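The values are calculated or read from the model by the stated rules, or taken from the named source; none is laboratory data. All values reported here derive from a predicted model rather than from experimental measurement. Backbone-built Cβ (ideal geometry, glycine too); neighbour counts: all protein chains shown. Heavy atoms of the whole protein, side chains included, go into the accessibility calculation; ligands, DNA and RNA do not. Shrake-Rupley method; radii C 1.70, N 1.55, O 1.52, S 1.80 Å.
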Amino acid sequence: MFQLEPGDRRPLYEQIKENIKFLIIGGSLADGDRIPSVRELAVNMAINPNTIQKAYKELENEGYIHSLKAKGYFVSPRSQAEKAAGNEVLAKFTDAARELMYTGKTFDELCGIIEQIYKGGNIDGNDNGQ
Amino acid sequence: MEMTTGNEMMITVSGVTKNFGAFRALDGLSLNVKKGSVYGLVGPNGAGKTTFIKALMGIYKADSGEMTLDGKPIFENEEVKSRMIYVCDDLFYYPTYTIEQTAKMYADIYPNWSNELFEKLHDIYKIDLKRKVIRLSKGMQKQVAFWLGISAQPDVMILDEPIDGLDPVMRRNTWRLVLNEVAERGMTVLISSHNLRELEDVCDHVGIMFGGKMVIEKSLDDVKGNIHKIQIAFAKEGSDEKLALFTSNLELLHESRMGSVASLIVKGDMEDIKNIAAQYSPVVFDIIPLTLEEVFIYELGGMGYEFENILI
């Protein structure tokens, strides 16, 4: 289904989560699709089943998947996943904004970029000029 | 059905001591393995890992302390022992026995033995049943140990440096079979190994032993989540002072400098560290998790087990 990057240092459950999210957001896994059972994925990837379970539990809490008793895990309707994805992107945005602040970008500069995006302007780096 | 580790303990070890003459190999060792968990036991050579496993399996008699499986004492307890499989580096087989005969012996000893599983696994471990086990290569003998061990359907597998000697394909196949038993039946695994890259994939808990004692015992995520590598640099003006102030707020395990960039190994919560760093407005700031191998090196480094300067 997917392969983990050997050099990735993040905890395995995070990597698994991200890969499945990517498949859902990208549409490879559609609403209602069954995803592999914990056992299938653990055996297939030779990874601890408790790690897979942890990833699935978190994906469930974030609204990407849901479990049906005795049937396994399924992809949840898109609106829920999109909402969850929105929160995640927002967290990334916050991180990025903080980093930009550290590196000396001013509040007005960032606001300018956001304003441009919302007005449908073309921002392609700094050399675009006004 | 799908299992996860609960809070029920499968293996409980407390205050185990073992002396060989004047040498104390195990010094009040305690350890806890949850049901359905894959527990990686790591530590430098001579830490007492194999001594502990041999004491657990009743090959050595501990001088003091308690060891239980599912709440029952293990030592000389046939009923408990029949639920455990032990795979080690120096395997013993009866000299005249073929694989088939050894399997029959296992079927007598282990109550959960499954002939059906044994036959199924023959598709993976493709070794002629009529061959004498001791005539096989070391790696193939190890394959037989897993073949028989998994067919015995134990509640617990104790593995001491088990996978070394298996080729990469058999290694992966064997892990898949073991993890299948973990996922399907909630089998518990205790494994001692120096292959930390592999343990990172298969374990959910780790115990680090040093000097006959348990020094760290946590879930793998907690072990890795509490120690980080940081790269940090400050603007030229007052950079040394800022770095000193920053590090004074942290539990620092290691520090090295390259130009203006400092590489730090730091213990603590990642968000806390990020917040502290933000107060000193670094121009470069990067925080990444450590690999289990790095955790091993730096944690033990903090206890005085360190790299020596090899350039003599």
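Take every Cα pair under 8 Å in chain B that's 6+ residues apart, average their separations, divide by the length, and report that relative contact order as a whole percent.
Numbers: 572 pairs, mean separation 61.4, N = 312.
The normalised contact order for chain B reaches 20 percent.
About its Cα centre, segment B:87-147 has a charge dipole of approximately 260 debye under the convention of +1 per Lys or Arg Cβ and -1 per Asp or Glu Cβ, with nothing else charged. Kindly express, to the nearest 10 degrees and within the range 0 to 90, the angle between helix B:138-151's C-alpha long axis and the longest C-alpha principal axis of chain B. Tilt relative to chain B: about 80 degrees.
Shape class for chain A, computed from the alpha carbon gyration tensor (a ≥ b ≥ c): prolate, with a/c not under 1.5 and a/b above b/c. Taking a ≥ b ≥ c as the square roots of the eigenvalues of the Cα gyration tensor, chain B is classed as prolate, since a/c reaches at least 1.5 and a/b is larger than b/c. Note on the protein assembly as shown: dipole from Cβ charges, positive end direction compared against B:84, B:40, A:91; the farthest Cα belongs to B:84.
Assuming R0 = 35 Å, what is the FRET efficiency of residue B:244 and residue B:195, from their Cβ-Cβ distance, to the nearest 0.05? Efficiency, from the Cβ-Cβ distance: 0.35.
Can you give the charge dipole size of segment A:12-76 about its Cα centre, rounded to the nearest 20 debye, using +1 on the beta carbon of Lys and Arg and -1 on the beta carbon of Asp and Glu?
Values: 8 positive and 8 negative charges, 52 e Å.
For this selection, approximately 240 debye.
Computed FRET efficiency, Cβ-Cβ of residue B:127 and residue A:66, R0 51 Å: what is it to the nearest 0.05?
0.70
Spin-label model, residue B:218/residue A:44: points 7 Å from Cα along the beta carbon direction are separated by 3.2 nm.
Simple rule: put +1 on each Lys or Arg Cβ and -1 on each Asp or Glu Cβ in chain B, find the dipole, and look at B:228, B:249, B:17; the Cα lying farthest toward the positive end is B:17.
An oblate overall shape is assigned to the protein assembly as shown, the ratio a/c of its alpha-carbon gyration tensor axes (a ≥ b ≥ c) being 1.5 or greater and a/b not exceeding b/c.
Which entries in A:71/B:120; B:18/B:126; B:72/B:213; B:49/B:130; B:49/B:138; A:57/B:49 show an alpha-carbon gap greater than 32 Å?
Details: A:71/B:120 26 Å; B:18/B:126 41 Å; B:72/B:213 23 Å; B:49/B:130 35 Å; B:49/B:138 22 Å; A:57/B:49 34 Å.
B:18/B:126; B:49/B:130; A:57/B:49, as the Cα separations exceed 32 Å there.
Under a point-charge model restricted to the Cβ atoms of Lys and Arg (+1) and Asp and Glu (-1), what is the dipole moment magnitude of the protein assembly as shown relative to its Cα centre, in debye to the nearest 20? Don't jump to the answer; show the numbers that get you there.
On the way: 49 positive and 64 negative charges, 263 e Å.
Dipole of the protein assembly as shown, to the nearest 20 debye: 1260 debye.
For chain B, the longest principal axis of the C-alpha atoms and the axis of helix B:239-248 are separated by about 50°.
Shown are B:125, B:60, B:305, whose ranking by accessible area with a 1.4 Å probe and every protein chain present, most to least, is B:305, B:60, B:125. Inter-part distance, segment A:20-95 to segment B:253-285, computed on C-alpha centroids, equals 33 Å. Contact order for chain A, expressed relative to its length and based on alpha carbon pairs under 8 Å spaced 6+ residues apart, stands at 19 percent. Look at the alpha carbon pairs under 8 Å that are at least 6 residues apart: their mean separation over the length of segment B:226-301 gives a relative contact order of 46 percent.
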